[in-house]
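K.L.:
Please find one structure pasted underneath; my questions will follow.
The values are calculated or read from the model by the stated rules, or taken from the named source; none is laboratory data. For clarity, every value in this text was computed on a predicted model and none was experimentally measured. Don't worry about glycine lacking a Cβ; one is built from the backbone with ideal geometry, like all the others, and counts go over all protein chains shown. These accessible areas exclude ligands, DNA and RNA; they are computed on the full protein's heavy atoms, side chains included. Shrake-Rupley method; radii C 1.70, N 1.55, O 1.52, S 1.80 Å.
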Amino acid sequence: MRARSAVVRRQVHGMAVVVEPTPTGPPPADVLSRLDEALALIAAVHPWRLVHLRRDVTEIRVIRFPCRGAYLRDVRAIVCELSFLGRRDLTAAPVAASLLHEGVHARVQVMATRWGWSMVRDAAAEERLCRRAELAFGYALPPALGAPVIARAAGALALDDASVAPVVDWAEAMARLDAGR
């Protein structure tokens, strides 16, 4: 088991990235490499999405977290789960799709602020907007690379409102993660 490493700060494709390693998690170099692959894929397939990410998001935080990704509205940061980035049984496409998804949440917040819209949201409608962006990204990829992205996004789009945008108790989710459940 490795000793706990210090927080790593880097720029990846023009984005501030903070990696908080854990003793048993993947090394920072591995997750930064995967993040680089994912952002390069976005740049190649949907370059305007990378422009929006750079503009709308303050940083990407790679941390231990109870889901693949999240958007932290209060600090305009994307969370990307540490072990998800460390998985080598997945291509960079699902990682890129997750980043795009959270980036759409950021874009919605920026547009709401710009246009003076209330941040009272229809969470299910916003989640479907994010999933449609994932779906478009998946279809823009070569078929073998895009298939898992398309399947995940299409599956989510078929869910009812309560299932597509469930209310999550993040404290409980972190407690379960810490307990190994």
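K.L.:
Give me the dipole magnitude in Debye, nearest 20, for region 82-154 about the Cα centre, with unit charges on the beta carbon: positive for Lys and Arg, negative for Asp and Glu.
P.N.:
About 60 debye.
K.L.:
Considering only protein heavy atoms and a 1.4 Å probe, what is the carbon-and-sulfur percentage of the accessible area of the chain?
P.N.:
On the way: 5360 of 9260 Å².
The C+S portion of the solvent-accessible surface of the chain is 58 percent.
K.L.:
Which of Ala93, Ala77, Ala147 moves most in a GNM of the chain, Cα contacts under 10 Å?
P.N.:
Ala147
K.L.:
For Ser83, what accessible area in Å² do you get when you roll a 1.4 Å probe over the heavy atoms of the protein chains, rounding to the nearest 10?
P.N.:
Ser83 has an accessible surface of roughly 70 Å² with all protein chains in place.
K.L.:
Are there chymotrypsin sites (Phe, Trp or Tyr not before Pro) in region 48-132 that DSSP marks as loop and that have at most 12 other Cβ atoms within 10 Å, and which are they?
P.N.:
Trp117
K.L.:
Which entry is the computed P(r) over Cα pairs in 10 Å bins from 0, in percent for this structure: [x] 10, 38, 35, 14, 3; [y] 9, 25, 25, 29, 12, 1; [z] 9, 37, 39, 14, 1, 0?
P.N.:
Read-out taken from this structure: [z].
K.L.:
Toward the positive end of the charge dipole of the chain, about the Cα centre and with charges on Cβ (Lys, Arg +1; Asp, Glu -1), which of Pro47, Val149, Leu72 goes farthest?
P.N.:
Pro47
K.L.:
Within region 140-163, list the residues whose amide N lies under 15 Å from a label point set 7 Å along Cα→Cβ of Ala124.
P.N.:
Flagged as within label range: 156-163.
K.L.:
Let me ask you something else. Which number comes out as Rg/Rh for region 64-147 once both Rg and the Kirkwood Rh are worked out on C-alpha atoms? Mind showing how you got there, number by number?
P.N.:
Values: Rg = 13.9 Å, Rh = 13.8 Å.
In region 64-147, Rg relative to Rh is 1.01.
K.L.:
Something else about it: Give the dimensionless ratio obtained when the Cα radius of gyration of region 1-74 is divided by 2.2 N^0.38 Å.
P.N.:
That ratio works out to 1.16.
K.L.:
In deg cm²/dmol, rounded to 500, what helix-only [θ] at 222 nm does the chain give when every DSSP H run of at least 4 residues adds -39500 (n - 2.57) and the total is split over its residues?
P.N.:
Only helices count here, giving -18000 deg cm²/dmol.
K.L.:
Can you give the accessible area of Arg64 in Å² (nearest 10), computed on protein heavy atoms with a 1.4 Å probe?
P.N.:
Its accessible surface works out to 90 Å², give or take rounding.
K.L.:
Measuring with a 1.4 Å probe in the full set of protein chains, what accessible area per residue, in whole Å², belongs to region 7-152? Walk me through the intermediate numbers first.
P.N.:
Working: 6600 Å² over 146 residues.
Per residue, region 7-152 has an accessible area of 45 Å².
K.L.:
Follow-up. Run the 1.4 Å probe and let me know the accessible area of His105, rounded to the nearest 10 Å².
P.N.:
It works out to around 20 Å².
K.L.:
Mind putting a number on the dipole of the chain about its Cα centre? Charges go on the C-beta only, +1 for Lys and Arg and -1 for Asp and Glu, and I need it in Debye to the nearest 20. Don't skip to the end; give the middle numbers.
P.N.:
Working: 24 positive and 19 negative charges, 87 e Å.
In total the dipole reaches around 420 debye.
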